[in-house]
Structures are given as structure tokens and as C-alpha cells.
Amino acid sequence: MPLNSFRKDFGMLDIDPKDRDNTQANIVSTFQAGCFFGALLTFPAAERLGRRLTILVAAAIFVLGGTLMTAARGDINLIIGGRAIAGLGIGATSMCVPVYISETAPPSIRGRLVGIFEIASQGGGMLGFWINYATAQTIPDSSIAQWTIPLALQLVPGVLLFLGMLFNPESPRWLARRDRFEE
């Protein structure tokens with residue numbers, strides 16, 4: 001359920017409930033479609049560009065989508081476009097990060113690290129719901145901050161992933177497949 005300030009800022013309070021529900025469903029579905037295509041298109045990119053660069057690009061795409069959503073200020077097209085772009089980034093990282101972890105981690109902890117990634121991914125989704133709840137309870141409906149704060153906070157993990165990957169090596173398996181054994 002969208003926050004009341006979001007509905008107000010995007011003109012959803014005075015429209016037919018059916019049209020409002022369709023618009024909200026389209027916003028949600030756009031993200032899911034972006035995730036689907038992001039995951040689908042990432043494997044060829046990861047094989048060609050490498051895991052590290054693919055994750056860097058995916059994180060940058062997610063940050064771009066999140067920035068568009070945060071800056072929307074009443075423009076529903078920016079919300080929908082930003083969700084599609086952010087979905088591409090999330091789908092790409094959801095596919096490529098576990099592969100990267102499994103190819104770089106020592107065998108003795110590989111499974112645990114991929115499991116931690118999955119738990120953190122689901123925990124992040126849960127945290128998002130709690131952030132929405134907290135802003136709905138503490139920030140008045142009249143404030144644009146009620147919906148922009150949750151959107152802006154989603155940028156933090158994307159930026160951290162991008163910055164973290166700058167300091168990580170390429171996957172040894174990908175390097176070996178490219179006959180770059182010295183690296």
C-alpha cells in the first residue's frame with residue numbers, strides 16, 4: 001500500500017479506485033519485469049565482461065533507477081521508468097553476485113557466504129517495509145519526505161556495492177576461462 005503522501009503527490013487521491021489500483025499494480029509490475037530482464041540478460045554480460053565489471057554496471061544501473069524514483073516529484077513516468085531501471089540492476093545483481101561469491105570464496109565457506117547473501121537480500125526487503133512503516137508513523141502525510149526518504153535510503157546499499165566492488169578482484173574462474181592465468 002503506497003504512503004498517503006505518495007498518493008497525494010502523484011494525484012492518486014482523486015481518481016477512480018480501479019484506475020488507482022491499476023496504476024499501483026503497474027508500478028509494482030514494472031519493477032518485477034525489470035528484475036526478470038536484468039537476470040535474463042546478465043549471464044551473457046557476465047560471461048563477456050567478467051563478474052566484477054558486470055556487478056559494477058548493475059550497481060550503477062540500480063543507483064540510476066533509484067535516483068530517478070527519488071527525484072520524481074510528482075512525475076509518475078519517472079517513478080515507473082526508475083522502477084524498471086532499478087529492477088534491471090536488482091535482477092542483474094541477484095544473478096551475478098552469488099556466482100561471484102561462489103567463484104571467489106574458499107570452498108570451505110562458499111555455501112555459507114551465498115546463504116548469507118540470500119538472507120541479507122531478503123532481510124533488505126524486510127527492512128524496506130519497516131522503513132516505510134516508520135516514515136508513515138513519524139512523518140506527516142503532508143510532507144514529501146514521507147515517500148522520498150525510503151526511496152533515497154535504498155540508494156545506500158547500491159552505492160556500497162558499487163564502492164565495495166571497486167576493491168575486489170575479478171573472478172579467478174572467469175580469468176582462467178580467458179587464459180589470463182597470471183592475474
For the range 77-183, with every protein chain kept in place, what is the accessible area per residue (1.4 Å probe, Å²)?
-> 60
When the chain is treated as a Gaussian network with springs between alpha carbons less than 10 Å apart, the largest mean-square fluctuation among 126, 95, 69 is found at 126
For n ≥ 4 DSSP H runs only, could you compute -39500 (n - 2.57) per run for the chain, divide by its residues and tell me the 222 nm figure to the nearest 500?
-> -26500 deg cm²/dmol
Using alpha carbons only, how many degrees (0 to 90, rounded to 10) separate the axis of helix 110-138 from the longest principal axis of the chain?
-> 20
Any idea what angle helix 17-49 forms with the longest principal axis of the chain, computed on alpha-carbon atoms, 0 to 90 degrees, nearest 10?
-> 10
Pick from 90, 139, 109: which is most flexible by mean-square fluctuation in a GNM of the chain where alpha carbon atoms under 10 Å apart are linked?
-> 109
Using alpha carbon centroids, what distance separates the range 129-181 and the range 105-123, in Å?
-> 18
Candidates 102, 94, 143; GNM for the chain (alpha-carbon contacts under 10 Å) flags as most fluctuating 143
Exposed-loop cut sites defined as chymotrypsin sites (Phe, Trp or Tyr not before Pro) in DSSP loop states with at most 14 other Cβ within 10 angstrom; longest site-free run of the chain spans 1-166
Taking Cα atoms, the helix 51-70 axis meets the longest principal axis of the chain at an angle in degrees (rounded to 10) of 10
Which of the trypsin sites (Lys or Arg not before Pro) across the range 60-144 are loop residues per DSSP, with 12 or fewer other Cβ within 10 Å?
-> 73
Got the relative contact order for the range 56-105 handy, in percent, Cα pairs under 8 Å and 6 or more residues apart?
-> 41
Per q in 0.11, 0.16, 0.17 1/Å, what log10 I(q)/I(0) does a Debye calculation on the alpha-carbon atoms of the chain return?
-> -0.54, -0.98, -1.07
With all protein chains present, how much of the accessible area of the chain (probe radius 1.4 Å) comes from carbon and sulfur, to the nearest whole percent?
-> 66
Per residue Cα convex hull volume for the range 1-45, in cubic angstrom?
-> 77
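The values are calculated or read from the model by the stated rules, or taken from the named source; none is laboratory data. Everything numeric here is computed off the predicted structure, so don't read it as measured data. Counting neighbours? That spans all protein chains shown, and the Cβs are built from the backbone with ideal geometry, glycine included. In case anyone asks, the SASA skips ligands and DNA or RNA and just uses the protein heavy atoms, side chains included. Shrake-Rupley method; radii C 1.70, N 1.55, O 1.52, S 1.80 Å.
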